[in-house]
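*Asks:* Let me begin by handing over the structure; questions about it come next.
The values are calculated or read from the model by the stated rules, or taken from the named source; none is laboratory data. Please read these numbers as outputs of a predicted model, since none were measured by experiment. Heads up, the Cβs are rebuilt from the backbone with ideal geometry, glycines too, and the neighbour counts pull from every protein chain shown. Side chains included, ligands, DNA and RNA excluded: accessible areas come from the protein's heavy atoms. Shrake-Rupley method; radii C 1.70, N 1.55, O 1.52, S 1.80 Å.
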Amino acid sequence: MTTPIISVTDVTKTYGRGTNRFDALRGVSLDIQSGESIAIVGKSGSGKSTLMHLLALLDEPSTGRIVLEGTDTHQLRGSALNRTRNKTFGFVFQQFFLTPNTTVLDNVMLPLKIAGVSRRERKRRSLDALAQLDLHDKARNRATDLSGGQKQRTVIARALVNNPRVIFADEPTGNLDSATGAVVEDILFELNREHGITLIVVTHDEDLAARCDRRVHIRDGVILDEEVAA
Ligand code: ADP
C-alpha cells in the first residue's frame, strides 16, 4: 500500500462555544490516495464543506490530525502553510470566484503571482492553461463577459496553473445547465485520469458522485460508509 497523499485521523471540528457550540465533524478518519477521484456526499449541513476546508488546509481541525504527503499539517503556519496550499492544491470553489472587472488572464495568473513567479513566466503558463481549456481567445476579456461554462473553465485554468497534485471542487457543476456541466465534469475527470491529479469533489449530484472512484457518505459530522466504484 502506498502512502496516502492526505491522511485524516480522528478529526473533529467544533464551531462556537457554550450554547452556540456546534460539532460539525465528530471523529472523521479518511485516507486519500494519490491519483484517485473521491466524492464527499451528504445532505446540506452534514459537514461536507467543513471536511473539504480542513482537507484543503483552509481551516484547522479542533482535534485530530491531517497529514499531507507525510507532513503533519499542524506544523505548517503562516507563509509556509500558504505556500504549501498554493503549490499543492487547485481550487474550483464557488466562493473563490473570479475577480469580475479584471481580465481572464489576470485571474488565471493570480496563483502564480502569489507564488512569486516572474511576470513573463506567469503569462506563458497562464496562456498555456487557457489554451488547454480552449479559452485562449478569451484571455483579454473581462471575467464578467464570459458565459457560466466559460467562467467555470477559467476557474479550472486558474486551478491548473500551479501544476497542483490535488484539485478540490465544491459543487463544480452547481450553477451550470446540464450540457455545460457535463463538459466541465469531463474536463475534471480528464485531468484526473490523464494527468494523475487527485480529484476531491463535494457534491449533491449523484451522477457526478457516481463517476468518482470512491464515494464517502457523510451525515451529522461522521462518515456513514464508503462505496468504491464497481
Ligand atoms: P455542508 O457542506 O454539508 O452543507 P457544512 O460543513 O457547511 O455542511 O456545515 C456543517 C454544520 O456546521 C452546519 O450545521 C453549519 O450550520 C455548521 N457551520 C458551518 N460553518 C459554521 C461556522 N463558521 N460557525 C458555526 N456553525 C457553522
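*Asks:* Condition first: touching a helix residue (DSSP H, G or I) at 6+ places or on another chain (Cβ under 9 Å) and closer than 27 Å to Gly70 by Cβ. Now tell me which residues in the stretch 25-46 satisfy that. Before the answer, list the steps.
*Replies:* Looking only at the stretch 25-46, we keep the residues that are touching a helix residue (DSSP H, G or I) at 6+ places or on another chain (Cβ under 9 Å), and these are 25, 28, 30, 32, 35-37, 39-42.
Hits for the stretch 25-46 are Leu25, Val28, Leu30, Ile32, Gly35, Glu36, Ser37, Ala39, Ile40.
*Asks:* Please pick out the residue among Gly35, Gly27 that is in a loop (DSSP other than H, G, I, E, B) and either touching a Ser or Thr at 6+ places or on another chain (Cβ under 8 Å) or surrounded by 16 or more Cβ atoms within 10 Å (Cβ to Cβ) (or both).
*Replies:* After applying the criteria, what remains is Gly35.
*Asks:* Can I ask one more? When you check Ser46 against the structure, is it open to solvent by 20 Å² or more (accessible area, probe 1.4 Å) and outside any strand (DSSP E or B), yes or no?
*Replies:* Answer is no for this residue.
*Asks:* Does Thr99 satisfy the condition of being touching a residue at least 40 places away in the same chain (Cβ under 8 Å), open to solvent by 50 Å² or more (accessible area, probe 1.4 Å) and either assigned to a helix (DSSP H, G or I) or in contact with a Leu (Cβ under 8 Å, 6 or more places away or on another chain) (or both)?
*Replies:* For Thr99, the condition - touching a residue at least 40 places away in the same chain (Cβ under 8 Å), open to solvent by 50 Å² or more (accessible area, probe 1.4 Å) and either assigned to a helix (DSSP H, G or I) or in contact with a Leu (Cβ under 8 Å, 6 or more places away or on another chain) (or both) - is met.
*Asks:* Can I ask one more? Within the stretch 60-76, identify whether any single residue is in contact (Cβ under 8 Å) with a residue 40 or more places away in the chain, under 22 Å from Ile167 (Cα atoms) and either polar (S, T, N, Q) or within 16 Å of the ligand (Cβ to nearest atom) (or both), and answer yes or no.
*Replies:* yes
*Asks:* Would you confirm, using the coordinates I've provided, whether Leu146 is surrounded by 19 or more Cβ atoms within 10 Å (Cβ to Cβ), in contact with a helix residue (DSSP H, G or I) (Cβ under 8 Å, 6 or more places away or on another chain) and touching a residue at least 12 places away in the same chain (Cβ under 8 Å)? Quick ask: steps written out before the conclusion?
*Replies:* Details: surrounded by 19 or more Cβ atoms within 10 Å (Cβ to Cβ): no; in contact with a helix residue (DSSP H, G or I) (Cβ under 8 Å, 6 or more places away or on another chain): yes; touching a residue at least 12 places away in the same chain (Cβ under 8 Å): yes.
When the stated conditions are applied, Leu146 does not pass them.
*Asks:* Using the structure shown, decide if Arg125 is buried (at least 18 other Cβ atoms within 10 Å of the Cβ), away from the ligand (no atom under 16 Å from the Cβ) and within 29 Å of Gly149 (Cα to Cα).
*Replies:* Judged against the criteria, Arg125 is a match.
For every residue, the table says whether it meets (1) open to solvent by less than 20 Å² (accessible area, probe 1.4 Å); (2) free of Cβ contacts under 8 Å to residues at least 40 places away in the same chain.
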{"position": "Val183", "(1), (2)": "no, yes"}
{"position": "Arg193", "(1), (2)": "no, yes"}
{"position": "Gly196", "(1), (2)": "no, no"}
{"position": "Ile200", "(1), (2)": "yes, no"}
{"position": "Ala209", "(1), (2)": "yes, no"}
{"position": "Arg219", "(1), (2)": "no, no"}
{"position": "Val222", "(1), (2)": "no, no"}
{"position": "Asp225", "(1), (2)": "no, yes"}
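*Asks:* Oh, and also: Restricting attention to the stretch 87-96, which residues are more than 13 Å from Thr154 (Cα to Cα), open to solvent by less than 30 Å² (accessible area, probe 1.4 Å) and either free of Cβ contacts under 8 Å to residues at least 12 places away in the same chain or not hydrophobic (A, V, I, L, M, F, W, C) (or both)?
*Replies:* Thr88
*Asks:* Just to verify a result, which residue in the stretch 22-59, among those that are of a type in the set (S, T, N, Q) and more than 16 Å from Val216 (Cβ to Cβ), is nearest to the ligand (Cβ to nearest atom)?
*Replies:* Checking each candidate, the answer is Ser44.
*Asks:* Here's something else I'd like to know. Within the stretch 1-24, which residues are surrounded by 11 or more Cβ atoms within 10 Å (Cβ to Cβ) and basic (Lys, Arg)?
*Replies:* If the condition is that a residue be surrounded by 11 or more Cβ atoms within 10 Å (Cβ to Cβ) and basic (Lys, Arg), then Lys13 is the only one that fits.
*Asks:* Something else about it: Of the residues Leu51, Leu112, which is surrounded by 17 or more Cβ atoms within 10 Å (Cβ to Cβ), at pLDDT 95 or above, part of a helix (DSSP H, G or I) and of a type in the set (A, V, I, L, M)?
*Replies:* Answer to the selection: Leu51.
*Asks:* Got at least one residue in the stretch 151-159 being hydroxyl-bearing (Ser, Thr, Tyr) and either open to solvent by 60 Å² or more (accessible area, probe 1.4 Å) or without any contact (Cβ under 8 Å) to a residue 24 or more places away in the chain (or both)?
*Replies:* The answer is no; no qualifying residue exists.
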